[in-house]
Every structure is written in C-alpha cells, then in structure tokens.
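The values are calculated or read from the model by the stated rules, or taken from the named source; none is laboratory data. Computed from a predicted model, the values in this text were never measured in an experiment. With ideal geometry, Cβ positions are generated from the backbone for all residues, glycine too; neighbour counts draw on all protein chains shown.
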Amino acid sequence: MEQYQLAPMLKAELTEEEIMLKQGLRTWRIPVRKLVGIYLYDYIQMRMLVLGYNNGDKIKKVQLPVDPFQAKPFMEALLNLAPPEANLLSLEKKEALSRMGVSDMSKTAPLIILAVLFALVAVPMFPTLVHGFWDTSKTTVDLASLYQGTAPSSNYIHVKGRLAEMGVTETTEYTKNGRVTNTVETDYIPLLPPNWKQGQPIKVVLEVSEDDVSAMSDKMGQTVEVDGMIENLLWEGVPGDVLDYMAKQQASPVEGAIVIAYNSHPADYRFLSYIVFGVVVLICLIIGVVIVIQSRRNA
C-alpha cells in the first residue's frame, strides 16, 4: 500500500484494488477497476481531481482540490493501475466532465468564495444590523419594568431613572509596534429605579461613550431621561470584568445587566453597516473579477 499527500488536508492510499482518500473526518473508498474517468482541471490556485467510478447502475463522482506538485506521484501510480479507458486527461474539460456527468466547480467557486466572505462579515455584524434596520421605532419604557425582566417592543428606548453616584471607566488602548497610538474610554453607570437601595440588584447599566462622558459627569446621582439602544443581543453586553468591579464598587450584586448605549440612534448602526458592507462588497467584486478572469484563461 502506497500513501500520498495530495493537499495540506488530503491524503490518499493506493493499492491495486482500491483508492482510499481521506480529508478530515471524511473517507472515500473507490475500486480501481471500476474507474470510468480520471481528470484534472485548474481550480483557483490548485487543480481539481475528478474521479468517476461505476457503482451499480450509476456513476459516482468525487471532486477534490489537490496540489498539482504533491499529487503528481499519486496520479502517475493511479494511471498505471486504472483501466486505460478511464484516463480522460487528453480530452477537453467540457467533454471529460460531460462523460462523467460532473459540473465544473471552477464556475461556482467565485460564488462560494463570495458567499463565505459575506457570511464571515454578516454574522459578527448581526446585532448591528438588527439595531439599524429593525429597532427603528423608539419606545418609552418604565425602568421598573426592565428591572422586572419585561422586554420592550423595541431596543431603541426612552427611559427615566437615577444615575448612580459613581460609574466604572473602561480604558481601551490601541497599540502599534508596541506603542500606544490611541486610547478610548467608556463609562458604565448603573441606572436605578426611584426606590432602589444599596444591596439590591443592579439590572440596568448605561454605557456612555467618551464623547458624552462630560455631559453625564454633572448628572451623577440625579434623575435623568435618556434615549439609547439596548445592546444585549448575542455577545453584546457589559464586559465581565466591568460587572465584577461595579458589584464591588456599588456593594450591590449586578444581575443579568441590560446595557443601554446612551444617545445611540438606529441611523448610527445603519451607517456602520453601510460602511462595512460597502467595503466587503467592493472586496468581493474585486476577488470575483480576478477569479472569473483566471477561470476563463484556464478554460
């Protein structure tokens, strides 16, 4: 039994009777004598290996991307063992794939790559998309209802409550080449109902950006009315270390804290969405054009 490396994640074992291909957790076993088609065609920066074989009354196909240099010893050994009529390497791609009933993966590759890139951005951006395009109607809520766990009809809210005497400031440093290039401060201030007393749970926290900190500093301990966006979708929320410090600072437990991004408007989230997806679409278009041009050259 001979073993071959066809690609970084693809291995093959070859005997006179069988080909065994392994990629991750998947394994393919193909009888050598039942091969009816062996073909290679260009696929992005690699080559696509196509193997067709008889399986009862139908032809089964396997298509796997391989490194042309790593796969060369395997191809030479396989062609020596396989039926001569299975060697379709001398045919044009369209004819060879047609004989095996195989679709040309190089034509769908651009769509797959673009879809993957889009998904990689869309998933992390999901909360931003919801806040920008779903939470568009502002609703007035009673702070006491938030403390009781009642969800508002929209995450974009107007609410009245008392700010705690103190808040927690989180400092984020951005570095380049080991040097701090920028520092951003965010304040987290408990928002309390009128009858709240120290020792009772804190369940709502106001997140105040650096630009708005000065406007809030004179209102600490006072009753305020604020507009903002509840940011508690998926991974949103107050950082755990901030919550721990806040609990010690306020001598009160912080339970299931709802974070309200002060002065945040749906338009802010839409603007960010447009910028991010605009850049992604541009990158996808460039990649798509390059792949299509390369695929046509290799056709």
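Quick notes on this structure:
- Residue in segment 191-204 that is over 30 Å from residue 142 (Cβ atoms) and of a type outside the set (A, V, I, L, M, F, W, C) present: no
- Residue tally, condition exposed (fewer than 13 other Cβ atoms within 10 Å of the Cβ), over 28 Å from the mean Cα position of the chain (by Cα) and either at pLDDT 90 or above or within 27 Å of residue 153 (Cα to Cα) (or both), over segment 201-243: 4
- A single member of 187, 142 is at pLDDT 90 or above and under 20 Å from residue 240 (Cα atoms), and it is 187.
- Among the residues of segment 175-190, those that are under 25 Å from residue 142 (Cβ atoms) and free of Cβ contacts under 8 Å to residues at least 60 places away in the same chain comprise 187, 189.
- Residue match in segment 221-229 (condition: without any contact (Cβ under 8 Å) to a residue 60 or more places away in the chain and either assigned to a loop (DSSP other than H, G, I, E, B) or of a type outside the set (Phe, Trp, Tyr) (or both)): yes
- Total residues in segment 107-162, condition more than 24 Å from the chain's Cα centre (by Cα) and of a type in the set (Gly, Ala, Ser): 8
- When residue 168 is tested against (1) out of contact with any helix residue (DSSP H, G or I) (no Cβ under 6 Å at 6 or more places or on another chain); (2) surrounded by 18 or more Cβ atoms within 10 Å (Cβ to Cβ); (3) touching a residue at least 60 places away in the same chain (Cβ under 8 Å), just one condition goes unmet, and that condition is (1).
- Considered as a group, the residues in segment 146-165 that are of a type in the set (Ser, Thr, Tyr) and within 25 Å of residue 267 (Cβ to Cβ) include one that is surrounded by the fewest Cβ atoms within 10 Å (Cβ to Cβ), and that residue is 153.
- Condition check for residue 188: among the aromatic types (Phe, Trp, Tyr), in a strand (DSSP E or B) and loosely packed, with under 15 Cβ neighbours inside 10 Å: no
- Residue count, segment 34-60 (criterion: β-branched (Val, Ile, Thr) and over 32 Å from the mean Cα position of the chain (by Cα)): 3
- Condition met for residue 38 (out of contact with any Phe, Trp or Tyr (no Cβ under 9 Å at 6 or more places or on another chain), within 15 Å of residue 88 (Cα to Cα) and surrounded by 16 or more Cβ atoms within 10 Å (Cβ to Cβ)): yes
- In this structure, residue 53 qualifies as in contact with a Leu (Cβ under 7 Å, 6 or more places away or on another chain) and without any contact (Cβ under 8 Å) to a residue 24 or more places away in the chain.
- If you go through segment 250-279 and pick out every residue that is surrounded by fewer than 16 Cβ atoms within 10 Å (Cβ to Cβ) and part of a helix (DSSP H, G or I), you end up with 8.
- Some residue of segment 168-183 being modelled with pLDDT of 95 or more, part of a strand (DSSP E or B), among the hydrophobic types (A, V, I, L, M, F, W, C) and farther than 21 Å from residue 247 by Cβ: no
- Only one entry of 120, 97, 143, 129 meets the criterion of being surrounded by 13 or more Cβ atoms within 10 Å (Cβ to Cβ) and closer than 29 Å to residue 293 by Cβ, and that entry is 97.
- For residue 73, the conditions (1) over 22 Å from residue 22 (Cβ atoms); (2) touching a residue at least 24 places away in the same chain (Cβ under 8 Å) all hold with the exception of (1).
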